[in-house]
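Following: one structure in structure tokens, then a few remarks.
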């Protein structure tokens with residue numbers, strides 16, 4: 001993912017491992033009523049970054065929440081997103097403390113979103129599946145899908161756009177002109193992904 005270097009300094013595996021461990025510790029601390037200790041962190045954790053924390057259980061999604069924009073330091077974004085993914089994702093019941101032994105933690109660190117300046121029908125040609133995540137905005141509506149979603153579900157660029165529109169609460173073809181799509185803004189971003197290979201296990205970076 002060399003394109004990431006145009007936007008932000010990439011994390012190395014040690015830093016990514018710290019981020020994932022920090023996310024797991026934040027969730028466990030919240031569920032047990034204790035306080036998470038961050039200790040001394042590398043300088044990158046003081047940088048403003050967009051972050052999403054994704055939880056999986058038995059291969060299924062168990063929670064996913066984050067910050068698409070770099071609005072706070074990485075350490076705070078990780079801590080807040082982790083707890084929110086565990087207990088504030090309205091699609092799922094709150095994670096129980098005992099469940100953490102069955103849940104894998106994944107972190108996606110985002111580049112700043114960039115608006116795709118193209119005619120609506122040309123948008124798919126500006127999207128690279130497996131590299132780009134998408135944000136669709138229209139008025140008060142906003143939807144985001146991470147880069148890994150398109151690959152996991154086998155979406156092509158058009159379906160990825162449509163599913164991001166649905167995530168925003170819009171019609172699937174809202175990104176097209178002639179269906180209220182003229183005032184829909186589409187943004188792309190990239191993500192650096194670190195994940196546990198098993199609950200509490202080793203950390204790897206997804207390519």
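The values are calculated or read from the model by the stated rules, or taken from the named source; none is laboratory data. The structure presented is a predicted model; accordingly, all values stated were derived computationally and were not measured. In this analysis, Cβ positions are derived from the backbone assuming ideal geometry, glycine residues included, and neighbour counts consider all displayed protein chains.
When 163, 142 are checked against the criterion of being without any contact (Cβ under 8 Å) to a residue 60 or more places away in the chain, under 23 Å from residue 65 (Cβ atoms), assigned to a strand (DSSP E or B) and in contact with a helix residue (DSSP H, G or I) (Cβ under 9 Å, 6 or more places away or on another chain), 142 stands alone in meeting it.
In this structure, is residue 67 assigned by TED's automatic domain parsing to the domain that holds residue 199 and touching a residue at least 60 places away in the same chain (Cβ under 8 Å)? It is false that residue 67 is assigned by TED's automatic domain parsing to the domain that holds residue 199 and touching a residue at least 60 places away in the same chain (Cβ under 8 Å). Scanning region 48-70 for residues that are part of a loop (DSSP other than H, G, I, E, B) and in contact with a strand residue (DSSP E or B) (Cβ under 7 Å, 6 or more places away or on another chain) gives 49, 68, 69, 70. A count restricted to region 145-160 and to residues that are over 13 Å from the mean Cα position of the chain (by Cα), surrounded by 15 or more Cβ atoms within 10 Å (Cβ to Cβ) and outside any helix (DSSP H, G or I) stands at 1.
For first residues located in region 28-41 and in the same structural domain as residue 81 (by TED's automatic domain parsing) and without any contact (Cβ under 8 Å) to a residue 24 or more places away in the chain, partners that are crowded, with 17+ Cβ neighbours inside 10 Å and not in a loop (DSSP other than H, G, I, E, B) and lie 6+ apart or on another chain with Cβ distances below 6 Å do not occur. Here residue 170 clears all of (1) outside the structural domain of residue 19 (by TED's automatic domain parsing); (2) within 30 Å of residue 98 (Cα to Cα); (3) in contact with a strand residue (DSSP E or B) (Cβ under 9 Å, 6 or more places away or on another chain) except the condition numbered (2). Quick check on residue 106: is it touching a residue at least 40 places away in the same chain (Cβ under 8 Å), under 26 Å from residue 13 (Cα atoms) and either in the same structural domain as residue 50 (by TED's automatic domain parsing) or assigned to a helix (DSSP H, G or I) (or both)? For residue 106, the condition - touching a residue at least 40 places away in the same chain (Cβ under 8 Å), under 26 Å from residue 13 (Cα atoms) and either in the same structural domain as residue 50 (by TED's automatic domain parsing) or assigned to a helix (DSSP H, G or I) (or both) - is met. Among the residues making up region 1-42, those that are assigned to a helix (DSSP H, G or I), over 26 Å from residue 93 (Cα atoms) and modelled with pLDDT of 95 or more are 13, 14, 15, 16, 17, 18.
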